[in-house]
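The values are calculated or read from the model by the stated rules, or taken from the named source; none is laboratory data. Quantities reported herein were computed from a predicted structural model and do not represent experimental measurements. Note that we place each Cβ from the backbone using ideal geometry, even for glycine, and neighbour counts take in every protein chain shown.
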Amino acid sequence: MKPFLCVLICGLFYSITFAQQVKVEKALTALNQDTAKVGQLLTLSKHYAYSNPIKMNELADEALRLSQDVNYERGVAMSLGRIGQAKLQLAEHNEALSFLLSALEIADRLDYDECIGISYKLMGNIYLYQHNIEKAEEHYLKALSIAKKMKDTELLASVQNGLGSASLAKNDYKQALKAYVYAQKLAEKNNDKTTLADIESNIGKVYLAQDMGNLAVDFFQKALALAKEAGNIEEIADNSLILSEYYLQRGVLSKALEYAEIGTNAAERVQSKVFKQKGYALMSEIYGLQKSYQKSFEYNQLSKTIQDSILGKEEKQQYTAITSQYENEAKEKEIIIKNLQLEQQKKDLRNQRKITYIFVASSIIFIGLSILAFILYRNKKKTYKLVKEQNKQITEQNEQINAKNEEINEQKTILENKSDALELAYKEIEKKTDNILASISYAKRIQTALLPDQEDVNLAFPENFIYYKPKDVISGDFYYHVEVDELHIIAVADCTGHGVPGAFMSVLGVQSLNKIVQEGITSSDRILNELHREIRQVLKQQVNEVRDGMDIVLCVIDKKNKTLTYSGAINSLYYIQADKNGQPYFTELKATKRPIGGFQRDEEERNFDKHIIDISKTTTFYLSTDGYRDQFGGEESKKFMARRFKELLYHIHDKPMNTQKQILDEVITKWLGKNEQIDDMLVIGIKI
């Protein structure tokens with residue numbers, strides 16, 4: 001009976017143990033399935049990063065809930081990081097930073113390097129958007145350390161790309177290119193077309209910042225092709241809008257509108273507030289230049305609505321508050337850990353003392369009760385004295401700390417008062433600056449509307465170029481073209497001053513020329529004679545000290561009779577025709593050495609000379625102000641000068657007109673170097 005009972009008990013014990021093992025194995029299997037599903041959701045969310053950040057956010061949020069249900073901390077950390085990335089793509093930077101800091105806090109505790117590296121890199125992106133370059137570089141370098149430790153070439157390429165953008169923000173073009181090229185090699189090796197598209201675009205931005213437009217456009221086009229191939233909608237939006245802005249600045253409105261529409265549609269697909277705002281603003285400006293004012297107004301309203309929702313100054317302050325809170329909490333945790341370590345040391349010290357006391361007590365048993373009593377008395381006295389001294393030191397330190405705290409609080413109050421005053425002053429300056437910039441921008445639109453349409457000039461002269469580069473937003477140089485009675489009247493003028501004063505004079509000049517031509521005056525010399533009288537009369541220069549006026553080159557072209565009539569004030573006309581031997585011959589027709597308007601001494605009236613040129617054979621002629629030849633640069637920082645300008649025109653006259661314009665821009669850009677442009681520049685070339 002007893003052996004049977006033993007067997008029965010053993011069997012029951014084995015059955016219970018086996019059932020518990022099966023239960024544990026089922027639980028582990030379910031947990032592995034859940035963690036695998038979290039991994040799948042996070043991989044899928046990463047796939048939507050640059051095409052549908054809303055979908056990315058939804059998938060990462062689902063992964064977060066599942067990770068929390070099964071207490072999967074690594075899944076929680078990475079899910080928070082992916083949500084932060086989605087918020088960053090949606091320009092919700094404040095929320096993005098909060099999620100990334102939460103992810104970083106968990107990842108730091110778990111030593112989860114992959115999540116730590118991604119979080120630091122994305123936080124670097126946020127600080128870069130905030131123009132806090134120092135903070136951005138600090139976080140990129142932390143991410144770089146993690147990427148090197150993990151030998152993660154994908155993260156390494158992305159971080160190097162970010163460091164390049166930080167250098168570009170500091171105008172350190174050499175360092176930016178170095179970082180971008182290194183990132184480019186890594187991305188090509190990884191066949192990472194998404195990152196490669198961003199890098200190619202960033203390289204283009206470096207060249208564009210250095211006024212190497214043609215080279216920059218090649219990189220933007222390459223980035224756009226890669227983005228389309230990779231399905232990177234955000235990069236499609238970014239590069240299309242950059243190309244739109246590039247062509248807008250060069251007056252090619254059809255291409256500017258084409259790329260603006262592509263970029264805006266992509267921005268709407270990816271729900272990027274930043275690119276939508278930029279796209280709407282570009283569409284508004286383009287339609288404004290095309291005189292479609294209703295569309296321009298509608299897109300302007302859309303742009304302002306989105307701009308109000310994008311990160312502003314108050315959110316920057318929230319950034320600082322969130323970051324400070326995270327840093328303070330980290331410091332508090334460090335203090336708590338140190339206090340715990342100190343408490344443990346005290347416990348260890350007390351335990352050590354107990355062991356010592358036991359040992360001494362054991363020894364004293366052999367030595368005698370009297371010696372034991374003496375030792376105990378002496379130790380007690382020393383301990384009391386030591387504690388008393390320590391308490392005294394602690395009291396003194398507390399008094400010093402309290403005094404310093406009071407001093408710090410006083411300084412804090414003073415700084416807060418000063419900060420409030422500075423904040424009010426800053427807002428006032430910011431408001432005035434916005435008003436001034438808005439006025440200048442509106443003035444630019446008015447001035448641009450007064451200038452001839454490029455399409456009209458192209459119809460009149462199929463082979464032409466207009467190189468127009470104001471020193472400021474608005475210009476004192478202007479050009480003029482009108483067709484009347486089968487005659488083409490074209491002119492370039494340089495008004496006194498540049499910027500706002502020059503622009504005002506340019507408007508007066510255009511209106512006066514329109515009035516004169518409408519009165520039926522089409523002879524070049526009579527037009528300038530009347531223009532001189534009109535300017536003096538409008539500005540009342542007969543009775544006041546106003547001496548403003550303009551220099552002008554004016555041509556009347558009769559295509560039917562094959563003649564060109566020229567009159568000029570100060571500025572010459574240059575033209576090139578073949579001589580008897582068929583060789584190109586450069587001619588300069590001198591202008592009358594008197595300006596339009598201004599002081600008139602010992603002159604009853606001012607008359608301007610007229611020159612007639614036979615254009616029955618191929619003729620290339622140039623009208624220009626003095627801005628191009630007066631720029632300072634070169635190795636000795638001297639003026640470009642008229643001689644060098646005429647030699648350049650002769651050298652390029654047989655090239656296509658667009659090429660001539662490009663060469664003019666490249667030559668003067670190289671000549672200027674690091675020098676600032678000192679005057680408006682305007683050159684028009686026409687081949688008949």
query = Could you say whether any residue in the range 177-186 is within 14 Å of the chain's Cα centre (by Cα) and surrounded by 15 or more Cβ atoms within 10 Å (Cβ to Cβ)?
reply = no
key: Residue within the range 514-534 that is under 20 Å from Ile466 (Cα atoms) and touching a residue at least 40 places away in the same chain (Cβ under 8 Å) present   = no
ask   = So Ile663 clears everything in (1) among the β-branched types (Val, Ile, Thr); (2) closer than 22 Å to Ile557 by Cβ; (3) assigned to a helix (DSSP H, G or I) except one condition, right? Which one?
value = (2)
query = Would you call Gln677 within 13 Å of Asp211 (Cβ to Cβ), within 35 Å of the chain's Cα centre (by Cα) and not charged (D, E, K, R)?
reply = yes
remark   = Residue set Val510, Val500; condition in contact (Cβ under 8 Å) with a residue 40 or more places away in the chain, farther than 16 Å from Leu451 by Cβ and either buried (at least 23 other Cβ atoms within 10 Å of the Cβ) or out of contact with any Ser or Thr (no Cβ under 7 Å at 6 or more places or on another chain) (or both); output residue Val500
message = Looking only at residues that are of a type outside the set (Ser, Thr, Tyr) and closer than 18 Å to Leu163 by Cα in the range 199-226, which one is surrounded by the fewest Cβ atoms within 10 Å (Cβ to Cβ)?
response = Ala209
task = Show the residue pairs that are 6+ apart or on different chains and have beta-carbon atoms under 7 Å apart, the first residue being within the range 570-587 and free of Cβ contacts under 8 Å to residues at least 40 places away in the same chain, the second being in a strand (DSSP E or B) and β-branched (Val, Ile, Thr).
result = Tyr585/Ile576
Asp654 being over 32 Å from the mean Cα position of the chain (by Cα), part of a loop (DSSP other than H, G, I, E, B) and either under 25 Å from Pro462 (Cβ atoms) or in contact (Cβ under 8 Å) with a residue 12 or more places away in the chain (or both) = yes
inquiry  = Checking the condition in a strand (DSSP E or B) and either under 38 Å from the mean Cα position of the chain (by Cα) or of a type in the set (A, V, I, L, M, F, W, C) (or both), which residue from Phe608, Phe621 passes?
reply    = Phe621
task = Check the range 453-474 and report whether any residue there is buried (at least 20 other Cβ atoms within 10 Å of the Cβ), closer than 24 Å to Leu539 by Cα and either among the polar types (S, T, N, Q) or out of contact with any strand residue (DSSP E or B) (no Cβ under 6 Å at 6 or more places or on another chain) (or both).
result = yes
note = Considering residues that are surrounded by 19 or more Cβ atoms within 10 Å (Cβ to Cβ) and of a type in the set (S, T, N, Q), the number found within the range 103-131 is 2
Spans of strands (runs of 3 or more DSSP E) in the range 468-576 with at least 3 residues within 44 Å of the chain's Cα centre (by Cα) = 477-484, 487-495, 549-558
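To keep it simple, each residue is scored yes or no on (1) in contact with a strand residue (DSSP E or B) (Cβ under 6 Å, 6 or more places away or on another chain); (2) closer than 20 Å to Ser51 by Cβ; (3) buried (at least 19 other Cβ atoms within 10 Å of the Cβ).
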residue	(1), (2), (3)
Ile236	no, yes, yes
Val252	no, no, no
Glu258	no, no, no
Gly263	no, yes, yes
Ser272	no, yes, yes
Leu282	no, no, yes
query = Would you call Lys432 modelled with pLDDT of 75 or more and surrounded by 10 or more Cβ atoms within 10 Å (Cβ to Cβ)?
reply = no
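Conditions tested, residue by residue: (1) at pLDDT 90 or above; (2) touching an Asp or Glu at 6+ places or on another chain (Cβ under 8 Å); (3) in the same structural domain as Thr522 (by TED's automatic domain parsing); (4) within 30 Å of Asp679 (Cα to Cα).
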{"residue": "Gln577", "(1), (2), (3), (4)": "yes, no, yes, no"}
{"residue": "Phe586", "(1), (2), (3), (4)": "yes, no, yes, yes"}
{"residue": "Thr592", "(1), (2), (3), (4)": "yes, yes, yes, yes"}
{"residue": "Asn607", "(1), (2), (3), (4)": "yes, yes, yes, yes"}
{"residue": "Ile615", "(1), (2), (3), (4)": "yes, no, yes, no"}
{"residue": "Ser624", "(1), (2), (3), (4)": "yes, no, yes, yes"}
ask   = Quick one: which of Leu241, Leu248 is over 30 Å from His47 (Cβ atoms) and either at pLDDT 85 or above or surrounded by 15 or more Cβ atoms within 10 Å (Cβ to Cβ) (or both)?
value = Leu248
ask   = Taking the stated definitions as given, is Glu603 among the charged types (D, E, K, R) and modelled with pLDDT under 95?
value = yes
